[in-house]
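Chemist: Here's a structure for you.
Any read-out appearing in this document is the output of simple, stated calculations on the displayed coordinates, not a laboratory observation. Please read all numbers here as calculations on a predicted model, not as lab measurements. For neighbour counting, all protein chains shown are included, and Cβ atoms are generated from backbone atoms with ideal geometry for every residue, glycine included.
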């Protein structure tokens, strides 16, 4: 099975759309369970894709990366959905922000585990054109969700990892850290451009670990 660049990009785009919707939904759901009804009142506690679409993050950015991937200039398609509104002051527990922040990346990791598990079941059967495409779909949906998990744990505002780190900072250190948020995506883009190999290594290592746990060959 050697998918074309177009096929690979399509599989990852499907995984991205599924992943970012589940990611944002879980942020809202866990916030709701922690006592914050902001997402529910805003109509964001839903799996309806239209409620979570961000014009740039869900359409333009993935579209650009999709085209670059087809042309051979990129290794994966990444993007994001419209952030779910939360109000940490409504949480029943002070550490609620940690659980809400973790909910997104962990939901992506769970999706990856599920689709790698489906892949393990599918490889039992004999191959065929249709089956091969289903296998590739599961493989790349799982992979892009590992990307989303690792990417969102980077401790740079406004990514989820920064919310968790910010909880433990105090005083001037916290204010200085939060002041980075307006420039966060610029910092992230620069880091990915120059240190993307580190991100790719972490993603590949985690994906291969899950594959090995399932008794499959490490391929990333």
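Chemist: By how many nm would the segment from residue 122 to residue 68 grow when fully extended, if each residue of separation counts as 0.36 nm and the alpha-carbon distance is taken off?
Modeler: Stretched fully, the residue 122-residue 68 segment lengthens by 16.4 nm.
Chemist: Express the relative contact order of region 126-220 as a whole percentage, based on alpha carbon pairs under 8 Å and six or more residues apart in sequence.
Modeler: Over region 126-220, the number comes to 22 percent.
Chemist: Determine, from the Cβ-Cβ distance of residue 129 and residue 194 and an R0 of 45 Å, the FRET efficiency 1/(1 + (r/R0)^6), rounded to the nearest 0.05.
Modeler: Rounded to the nearest 0.05, the efficiency is 0.65.
Chemist: Still on this structure: What is the distance, in nm, between label points placed 7 Å from the Cα along the Cα-to-Cβ direction at residue 167 and at residue 6?
Modeler: Inter-label distance under the simple model: 4.6 nm.
Chemist: A further question follows. Could you grab the relative contact order for the chain? Cα pairs under 8 Å, six or more apart, rounded to a whole percent.
Modeler: 22
Chemist: Next question. Run the numbers for residue 114 and residue 187: contour at 0.36 nm per residue of separation, minus the present Cα-Cα distance, in nm.
Modeler: Contour length minus the Cα-Cα distance gives 23.1 nm.
Chemist: Can you give the helix-only mean residue ellipticity at 222 nm for the chain, where every DSSP H stretch with n ≥ 4 adds -39500 (n - 2.57) and the sum goes over all residues, rounded to the nearest 500 deg cm²/dmol?
Modeler: That comes out to -21500 deg cm²/dmol.
Chemist: So, one more: What three numbers, in Å, describe the spread of the alpha carbons of the chain along their principal axes, ordered from the longest?
Modeler: The Cα atoms of the chain stretch 58, 36, 33 Å along the principal axes, largest first.
Chemist: At a 10 Å Cβ-Cβ cut-off, how would you order 24, 172, 7, fewest neighbours first?
Modeler: The most exposed by this proxy come first: 172, 7, 24.
Chemist: Something else: Based on alpha-carbon centroids, what's the gap between region 123-138 and region 140-184 in Å, whole number please?
Modeler: 36
Chemist: Tell me, 26, 193 in order of fewest to most beta-carbon neighbours within 10 Å?
Modeler: 193, 26
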